[in-house]
Structure formats: C-alpha cells, structure tokens
Amino acid sequence: MSSLLVTGGAGFIGSNFVRHVLATTDHNVTVLDAITYAGNAASLDGLPEDRFRLVVGSVCDADLVNDLVADHDVTVHFAAESHNDNSLNDPSPFIQTNLVGTYELLQAVRRHDKRYHHISTDEVYSDLELDDPAKFTENTPYNPSSPYSSTKAGSDLLVRAWVRSFGVQATISNCSNNYGPYQHVEKFIPRQITGLIDGVRPKLYGAGENVRDWIHVDDHNSAVLRIIDDGVIGETYLIGADGEMNNKSVIELILELMDQPTDAYDHVNDRPGHDMRYAIDATRLRTELGWTPTYRDFRSGLAATIDWYRANEDWWRPMKAATEAKYAKTGQ
Ligand code: NAD
Ligand code: DAU
C-alpha cells in the first residue's frame, strides 16, 4: 500500500483519478487543491474517510507543498490552469500555477527524494495539418501555440531538467483531449450538452474543421496508474486512444444523441491561434507498458457522458451562468 498526494484532485481528471485509485488499489490519497473556479469539492463527495482527505491550498505554497510531499510516497501533479480560452484572456494565473507550482513540487520531491509523476498535454507539440499522416510521438519537438500550452511545455522542461540535473525520480505523460463526467462546463463537450439541456444551440468555433483526439478520462487515468507503477524514471509516455474527430462532427453527434436536428448549431468567433489537429501515437505506452484503452466506442462513451450531465444538474448548474457570461465578452 502507498500514499498518494494528488494535486488538482478536485478538478475534472484529478477527481476521476482519485475515484479510480480508491476503487482499484489499496492506496491512500490526499488531494491538494486550491479550489479555483475550476475545482469543486463536490466532485469528491462520498469517498471513504479512512483512505481519503482533501487539503485546500495552492501548489505555489512552498511550505505546504514541502510538508505534504514529505508525508507521501508518490506525488501526482494534475493541478493546472487548464483552459486555452482563459489563457488568451489573462495568462497570469497560468504562469503562477503551471510554472511556479511545478517548480515548488519539483523542489520538494528533490528535497525528500520522492517519486513524482507529471501530468501534461499533447498541446506542447503544437498542431498537425489535417492531411498530415503523422501523429505526435515522444520524439516530436516542442512548439506550443497558446499561453496555456507554453506554460505546460515549460513545466515539462522543468521536470526533465530536475531529472537530469538532480536525479529526481519523475515520469511525464502527455495526453490528448479527455471527455467524461465532472468536466467543467467551459470545455467543448460539456458546454454543448448543458447548453442543449437549457435549449441553447451549440457553438462551433470558426468552420469547425479542427480535430481533437478524444479519450475517455478513465482510460487516461488507467494509463497514468500504469506509468506510476511500471514507467521508467526520466521517461515520457504519450497517452491516446485513436479518437480523432473534428469539432463539427462532435457537435453533430451530440445533437443526434440528444434528439435534435444535426444542423441546429451556430458558428461563432474562432479562437485566436486555434490549433488545427492533435493526434497521438501511443505505441510506446501500449508496447512497453502493455496498456490498452477500455472505451473503444466514442459514440457510447459520449452517450454515457450526456446521461451523466442530465442526471447531475446540481453539480454543473452553479457554474453555468458565469461561464457563459465570460464567453459572451469574446463573442463565443
Ligand atoms: P481542471 O481545470 O478541471 O482542474 C484543475 C484543478 O487544479 C482544479 O481542481 C483547480 O482548483 C486546481 N488548481 C488550479 N490551480 C491550483 C493551484 N495553484 N494549486 C492547487 N490546485 C490548483 O483541469 P483538468 O482538465 O482536470 O486537467 C488536469 C491536468 O491534466 C492539467 O495539468 C492539464 O494540463 C492536463 N491535461 C488535461 C487534458 C484535458 O483534456 N482536460 C488533457 C491532457 C492533459
Ligand atoms: O489536447 C489536450 C487539451 O485538451 C488539454 O491540455 C486542455 O487542458 C483541454 O482544455 C483541451 O484543450 P482544447 O482547447 O482542445 O479543449 P476545449 O474543450 O477548450 O476545445 C476543444 C475544441 O473545441 C477546440 O478545437 C475548440 C473547440 N470549441 C471549444 C468550445 C469551448 C468550440 O468549437 N466551441 C466551444 O464552445
């Protein structure tokens, strides 16, 4: 049995990770989360009190981070400012949390010689052309486009430097777009589902040709656990489940699954610098660590996600109006 410190565990992927760990292992879990606008303690309701606790605080708080890292076997770092559109409107919290927060964690794991796993994104590699047969691999050069992705790229490079210079026991994973329960309504899929529940037409940025490589959040998290258990220190693993689809097709599928005409959506202002396509080659994870995804059918995973938002209005309703008010300022 191990003790895990999970930063950002009240967010979308982190809260699903905590549930996954508690359900499939005998590890104890402490979540460190600042409960920003994106964090929600309700996402952690009902977890066993003898194996789980929530500490509200920031990964930028050096003393708090030091003490918590010292008390746990493994630190898994999910906490981040995670939304591209927000980073275009105000990059400052992205610099603090994504760069300074990662620095504080690295210093603490270095000091206490602890195992560290760093959660990152495929966006560090920039984007691909629509007709490019290539996918991202662990050897693709870094070339991030947005304030969000550049701070995530910077945090990955800090981890690599701390491994090489100080012998920190770290692994990194870079995953593609996640979908599933407990995702904030600012993100593409839950925004459209909850909008339709309210009778609002989906909003597609620009022409909607942009491709994302969708993976269910549970598959992301099973891969993270596998890397923590069996990953080689100092290595990077790409996580993806061959789920490429353009945004227009995703909106049409949501409309179909919610019994609406598939052309009942609006085009809105495009995102500045909008990355065209992400695609993950997860060969290394599959061949070296023997990982395979469980959710192979996006349509049924999406239908289950729609059901979850229908059944959990109490969870998302409090954040919906403020999120849409923010979007209204940019015509999105
Ligand atoms: P999220 O925005 O839903 O959750 C982020 C969590 O971090 C929130 O609970 C928030 O309160 C917390 N947080 C923010 N600043 C903090 C701070 N200073 N100290 C402590 N906690 C803080 O994000 P998510 O979508 O769950 O993403 C989690 C991680 O996974 C991020 O590192 C992100 O870059 C990465 N990632 C996300 C995706 C995706 O599709 N969502 C894909 C690949 C990688
Ligand atoms: O690729 C991994 C990344 O995926 C993660 O690192 C990020 O944390 C996560 O937010 C996500 O980034 P994206 O920018 O791809 O996700 P988002 O949900 O914001 O948008 C997905 C696509 O949908 C993108 O091409 C923009 C488009 N979009 C988004 C919204 C909110 C729309 O067309 N309409 C919308 O209303």
- In which sequence would His184, His77, His117 go, from the one with the fewest C-beta neighbours within 10 Å to the one with the most? His184, His117, His77
- Query: What number comes out for the charge environment of Pro261, summing +1 per Lys or Arg and -1 per Asp or Glu over other residues with Cβ under 15 Å away?
  - Reply: -3
- Task: Please report, to one decimal in angstroms, the Kirkwood hydrodynamic radius of the stretch 127-277 built from all distinct Cα-Cα pairs.
- Result: 17.4
- Note on the structure: The summed charge of the Lys152 Cβ neighbourhood (under 11 Å; Lys/Arg +1, Asp/Glu -1) stands at -4
- Note on the structure: One checks the Cα atoms of the chain and finds Rg and Dmax, in Å, of 19.0, 58
- Restricting things to alpha carbons, find the Rg to Rh ratio for the stretch 213-295 using the Kirkwood radius for Rh. 1.10
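Quick one: net charge around Ile193, please, counting Lys, Arg +1 and Asp, Glu -1 for every other residue with C-beta under 12 Å from its C-beta.
The answer is +1.
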- Keeping to pairs on different chains or 8 or more places apart, tell me how many lysine pairs in the chain have Cα atoms under 29 Å apart. 24
- Using per-residue counts of other Cβ atoms within 10 Å, averaged over each peptide, order 316-329, 94-107, 59-72, 151-164 from highest down. 94-107, 151-164, 59-72, 316-329
- Note on the structure: A correct Karplus calculation of ³J(HN,Hα) over the stretch 47-63, with 6.51 cos²θ - 1.76 cosθ + 1.60, θ = phi - 60°, whole Hz and x for Gly and Pro, returns 7, x, 5, 7, 10, 9, 9, 10, 10, 8, x, 9, 5, 8, 8, 4, 5
- Residue by residue through the stretch 108-117, which ³J(HN,Hα) values in whole Hz follow from phi under the Karplus form 6.51 cos²θ - 1.76 cosθ + 1.60 (θ = phi - 60°), with glycine and proline marked x? 6, 5, 5, 4, 9, 6, 10, 6, 9, 10
- Task: Evaluate E = 1/(1 + (r/R0)^6) for Asp63 and Glu209, where r is the Cβ-Cβ distance and R0 equals 45 Å; express this FRET efficiency to the nearest 0.05.
- Result: 0.40
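Between Ile197 and Arg296, 0.36 nm times their residue separation minus their Cα-Cα distance comes to what? Working shown, then result.
On the way: separation 99, 0.36 × 99 = 35.64 nm, distance 2.62 nm.
Extra length available between Ile197 and Arg296 comes to 33.0 nm.
Every read-out reported here was derived from the displayed coordinates using simple, explicitly stated rules and does not represent laboratory data. Keep in mind the model is a prediction, meaning the values are calculated, not measured. Here Cβ is always computed from backbone atoms with ideal geometry, including for glycine, and neighbour counts include all displayed protein chains.
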